[in-house]
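Before any comments, here is the structure.
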Amino acid sequence: QVQFVESGGGLVQPGGSLRLSCVVSGFIFSTYHMGWYRQAPGQQREWVAHITRDSRTMYSDAVKGRFTISRDNTERMVYLQMNSLKPDDTAVYYCNAYEGGPVFPSWGQGTQVTVSS
């Protein structure tokens, strides 16, 4: 059974930083590209960043230069370092495998990120 467990969110002031973590199970992690997605209130879930099997990275224009995605194949984890946070980054953040979009229909509970003064 595919499972994603996200953590690391919280309340942070504008300009602050957070590091999100996601541990996965139920598939061979090292063979998949992995992505982070987010969903703000009243909006559709959107792609934020992804990292390929060989650790090449891509970012949405909204987060480029501020966020860094990384992975640890041994621990089956994917991370999102978020710096210079803005109120527009407020959302629930999720991870899933990536192949032009999310691969698996199941999602974790996500982790809430709130950027506010």
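The values are calculated or read from the model by the stated rules, or taken from the named source; none is laboratory data. Remember, predicted model here, so these are calculated numbers, not experimental data. Please note: Cβ atoms are built from the backbone with ideal geometry, for glycine as well, and neighbour counts cover all protein chains shown. The protein model used for the area step is the full one, side chains on, heavy atoms only, and it has no ligands, DNA or RNA in it. Shrake-Rupley method; radii C 1.70, N 1.55, O 1.52, S 1.80 Å.
State which residue is surrounded by the most Cβ atoms within 10 Å (Cβ to Cβ) when the search covers only segment 100-117 and only residues that are in contact with a Phe, Trp or Tyr (Cβ under 8 Å, 6 or more places away or on another chain) and in a loop (DSSP other than H, G, I, E, B).
Looking at residues that are in contact with a Phe, Trp or Tyr (Cβ under 8 Å, 6 or more places away or on another chain) and in a loop (DSSP other than H, G, I, E, B), I get Gly110.
Can you tell me which residue among Gly15, Gly42 is touching a residue at least 40 places away in the same chain (Cβ under 8 Å), in a loop (DSSP other than H, G, I, E, B), surrounded by fewer than 18 Cβ atoms within 10 Å (Cβ to Cβ) and small (Gly, Ala, Ser)?
Unique residue meeting the criteria: Gly15.
Checking the condition under 16 Å from the mean Cα position of the chain (by Cα) and farther than 17 Å from Thr90 by Cα, which residue from Ser55, Ser60 passes?
Ser55
With the requirement that a residue be of a type outside the set (Ser, Thr, Tyr), open to solvent by 30 Å² or more (accessible area, probe 1.4 Å) and touching a His at 6+ places or on another chain (Cβ under 8 Å), what does segment 54-92 give you?
Met58, the sole residue that qualifies.
So that you can scan it fast, the table gives a plain yes or no per residue for (1) hydroxyl-bearing (Ser, Thr, Tyr); (2) touching a Leu at 6+ places or on another chain (Cβ under 8 Å); (3) modelled with pLDDT under 95:
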| position | (1), (2), (3) |
| --- | --- |
| Phe29 | no, no, yes |
| Arg38 | no, no, no |
| Asp61 | no, no, no |
| Leu85 | no, yes, no |
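Inspect all residues belonging to segment 22-39 and state whether any of them is without any contact (Cβ under 8 Å) to a residue 60 or more places away in the chain, open to solvent by less than 70 Å² (accessible area, probe 1.4 Å) and in contact with a Ser or Thr (Cβ under 6 Å, 6 or more places away or on another chain).
Within segment 22-39, not a single residue is without any contact (Cβ under 8 Å) to a residue 60 or more places away in the chain, open to solvent by less than 70 Å² (accessible area, probe 1.4 Å) and in contact with a Ser or Thr (Cβ under 6 Å, 6 or more places away or on another chain).
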